[in-house]
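> Questions regarding the structure given below will be posed in turn.
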Amino acid sequence: MKKLARIFLALIIVSCLLSMRTTIAAEKTSDIRVLIDVSGSMKKHDPHNLRQPALKLLSSLLPDDTHSGVWLFAESVTPLISVGKVNDEWKSSATEQAKKIHSSGLFTHIEAALTEATSDWKEKDDQRLRSVIMLTDGVVDVSKNNAESQASRERVLSTLLPQLRDMNIKLHTIALSESADKTLLQRLSQATDGWFEVANSADELQRIFLRMFEKSVQLDTVPISDNRFTVDSSVNEMTILLFHLEQAAPIHLVDPNEQILSAQSTSENIRWSQNPTYDLITIDQPPPGLWQIKGPADPDNKVMIVTDLRVNLGDLPNYVLPGQTFRFTAEITDQGERIIQESFLQLVMMELQHIAEPDQVNPILLNDEGSEQDDIAGDGLFSGIISATEASGTHKLMLEVDGETFQRSVEHTFQVRWPVTVDFAVLDKEAGAYSLSITPKTDQIRPESLRVSGKLHPPVSRSYRLTFHPNEAGSLIAPIENATEAGKHAVEITLHADTIDGEPLRISLPPITFGETIENPLSPEPDNVAIASNDVDWLFVGGIAGGVNVLLGGIGFIGWRMWRKKKQRVKTTEDAQENQKMEGEHSVDNDVQDDSPDEVTKEPSIETSTDMIEENTELPKGDSTSINDVDIDQLLEEEKKNEEP
């Protein structure tokens, strides 16, 4: 009997080994540190102190057994909620302590805040998913001495950042004003594969904190469609987040037994928290079946579940380059082990959509057949290839899994970012003088490694290479001279650089075209590519203004000339116009033949253009005098001389 028992046990073990495989995403405990700026400038950028309800929402969403802590920072760093294991007591304390968030600090000591919050993280820990969420509205500001602040900022980048990267700490940063050091915050996030967002107003903080939460934990959700969702028997607990307007009608839920649930429900397994802009409902052991939401639909509504039957994704990047491809993998696990039973997987349908802003939706094929992007057939690992478009901005991957008896949904957002900014400036349109400037983004590539090659393709003449030279601002400048041919000119640009991780990079930018108009495919994303060309063609505007002035003056002039001899007036005017036309043609011919770079490369205009990249606050300055204005003034002066007795 013992021998039969051993054989039976061995068969069970073998069966389990055949039906399970190592997972692509091992279970990790999330450890989240939250840093909140309480400097005096917050009185302006967060006048209603909406940081308090945002922190309350974040702390309420944290799963049990997560580790977390909260600090306030200004000139110094103050612990608000000590680091500990998240449970009901921790969440209750966080809700109460959030009331202490203020706006009376003197400085913004980002270096001290990051150092204090991560002081107990001494080395890399593969068993924990470590994240820092930092909200600030300013720049590194440690004292009245600007040199001390600049030194602190440099230490954050050169010393602190490499240490955090070595420990696999993801920095998620939020800029709550245009005056925040967005370059620093974005560099911190991208270098650690974190997430960066700009809050245009404090009203956006709750939803931004939600997205930061989703980046910091391994989350299981079920899809919501038409305010309905399905819960299966494997779900032990679900938390429902429902956004609404202030003063909105109360929200209700209808369970699979058609029982109506509300904030007044007295069932022991329901915890319902009503807040001015959202309701948060947690239900233990929810009845399986179809649920309905009686309230406003919102794209940020979530149904988060605790279950043994999970969908895991392989590692996915938060930032990619235009045109870059990466692999998407997904698996279904039961109690932490991947399911590979064919009878189970045959019932599973996985639909993946790649959504690029604004509304471009591309279906992605996932398969487990050992073909195309999939390595091994039947191993329970579904694979597909994501190709990032050249459209910079935020992209979303939405995976919906339907296993007939259960449903799951997983979302992942990533950003497509160009590694440089491009500035195309008009120096002298009539002379065909332009300036092309390439500025590296230091949060993506090493600026000293950037090499740029470019070629100009005129409408008729032979193409030729452009020569780039560095300026004091760290940009590479290429002058374009005598581009006066009628028609469309095209500029091709190729970049060679090393990423911040030291990986070699070669990328071709979309061509820039100019002629009657300037077209740059990168211009729709000012945060990614700043175009410093004249959006307002001042030569054209000056020509129109001069023409209007001449027209008005001409009416009076004609009245004054009515009693003069008509034929002599007409002849004099035509002669003068013909002479001026010949002089203008002669001047253009001389410009075309003149190859002197000193006359084409106008250094003040380039500097102004570079300033626009850095400040992005004003149009580049240019000469607003139209050559047509000068011609007509000369004509009128000559006519007056001819009319003198």
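Rule-based calculations on the coordinates, nothing more; no lab input. Being a predicted model, the structure only gives us computed values, none of them experimental. With ideal geometry, Cβ positions are generated from the backbone for all residues, glycine too; neighbour counts draw on all protein chains shown.
> Would you work out which of Leu185, Gln127, Pro79 lies farthest towards the positive end of the dipole of region 29-216, given +1 charges on the beta-carbon of Lys and Arg and -1 on that of Asp and Glu, about the Cα centre?
Checked the options; the winner is Leu185.
> Any chance you could run the full-extension gain for Gln127 through Ser93? It's 0.36 nm times the residue separation minus the Cα-Cα distance, nm to one decimal. Let's see the in-between values first.
Values: separation 34, 0.36 × 34 = 12.24 nm, distance 2.66 nm.
Value of the extension gain: 9.6 nm.
> Assuming R0 = 45 Å, can you tell me the calculated FRET efficiency for the pair Lys28 and Glu430, based on Cβ-Cβ distance, to the nearest 0.05?
On the way: r = 63 Å, r/R0 = 1.41.
Here the calculated transfer efficiency is 0.10.
> If you consider only alpha-carbon coordinates, what radius of gyration and Dmax does region 309-416 have, in Å?
Using the Cα atoms of region 309-416, the pair Rg, Dmax is 14.1, 42 Å.
> Moving on to the next point. Sum up the charges of everything whose Cβ sits under 12 Å from the Cβ of Thr66, counting Lys and Arg as +1 and Asp and Glu as -1, but leave Thr66 out. Don't skip to the end; give the middle numbers.
Numbers: positive: Lys28, Arg33, Lys85, Lys91, Arg128, Arg130; negative: Asp31, Asp64, Asp65.
Its environment carries a net charge of +3.
> What is the distance in Å between the Cα centroid of region 70-100 and that of region 304-345?
If you average the Cα positions of each part, the centres end up 33 Å apart.
> With each label point set 7 Å from Cα along the Cα-Cβ vector, what nm distance links Asp308 and Lys144?
Inter-label distance under the simple model: 6.6 nm.
> Structure shown: which of Lys44/Lys215; Lys124/Lys182; Lys122/Lys144; Lys170/Lys302 lie over 30 Å apart, alpha-carbon to alpha-carbon? Please list the in-between numbers first.
On the way: Lys44/Lys215 28 Å; Lys124/Lys182 28 Å; Lys122/Lys144 32 Å; Lys170/Lys302 23 Å.
In this structure, Lys122/Lys144 exceed 30 Å between Cα atoms.
> Further question: In whole angstrom, how far apart do the alpha carbon centroids of region 119-172 and region 380-435 sit?
27
> Moving to a separate point now. Taking the Cα centre of region 29-216 as the origin and placing charges on Cβ (Lys, Arg +1; Asp, Glu -1), which of Ala54, Ser41, Ile110 is farthest toward the positive end of the dipole?
After comparing all options, I get Ser41.
> Continuing with this model, one more query. What do the square roots of 5 times the Cα gyration tensor eigenvalues come to for region 228-307, in whole Å, largest first, as semi-axes of the equivalent ellipsoid?
Values: eigenvalues 78, 35, 28 Å².
Working through the eigenvalues yields semi-axes of 20, 13, 12 Å.
> Using the Kirkwood formula over every pair of different C-alpha atoms, what hydrodynamic radius in Å results for region 190-336?
On the way: mean 1/r = 0.0576 Å⁻¹.
After inverting the pairwise mean of 1/r, the radius is 17.4 Å.
> Once the convex hull of the C-alpha atoms of region 364-449 is built, how many Å³ does it hold per residue, rounded to a whole number? Before the final figure, lay out each step's value.
Values: hull volume 15.6 nm³, N = 86.
Once divided by residue count, the hull of region 364-449 is 181 Å³.
> Once you list every other residue whose beta carbon is under 10 Å from the beta carbon of Asn236, what net charge do they have if Lys and Arg are +1 and Asp and Glu are -1? Let's see the in-between values first.
On the way: positive: none; negative: Glu237, Asp284, Asp308.
Net charge in that neighbourhood comes out at -3.
> Compute the FRET efficiency between Ile270 and Arg211 as 1/(1 + (r/R0)^6), taking r as their Cβ-Cβ distance and R0 = 25 Å, and round to the nearest 0.05. Intermediate results must be reported in sequence, preceding the final value.
Values: r = 27 Å, r/R0 = 1.07.
That gives a FRET efficiency of 0.40.
> Within region 224-263, list the GluC sites (Glu not before Pro) lying in a DSSP loop whose Cβ has at most 14 other Cβ atoms in a 10 Å radius. Display every interim value, and only then the final one.
Values: sites: Glu237, Glu246, Glu258; in loops: Glu246, Glu258.
Here the GluC sites (Glu not before Pro) that fit, given the DSSP loop and packing criteria, are Glu246, Glu258.
> Give, in nm to one decimal, the length gained when the segment between Asp375 and Thr115 is fully stretched (0.36 nm per residue of separation minus the Cα-Cα distance). If you can, show how the numbers build up before the last one.
Values: separation 260, 0.36 × 260 = 93.60 nm, distance 4.29 nm.
That pair, Asp375 and Thr115, stretches by 89.3 nm at full extension.
> With a sphere of radius 15 Å drawn around the Cβ of Ala497, what net charge do the other residues whose Cβ falls strictly inside it have (Lys, Arg +1; Asp, Glu -1)?
Numbers: positive: Arg417, Lys441, Arg446, Arg451, Arg506; negative: Asp443, Glu448, Asp498, Asp501, Glu503.
Overall, the nearby charge balance is 0.
> How high is the FRET efficiency from Arg462 to Asp498, r the C-beta distance, R0 30 Å, rounded to 0.05?
Numbers: r = 33 Å, r/R0 = 1.11.
With R0 = 30 Å, the Cβ-Cβ based efficiency is 0.35.
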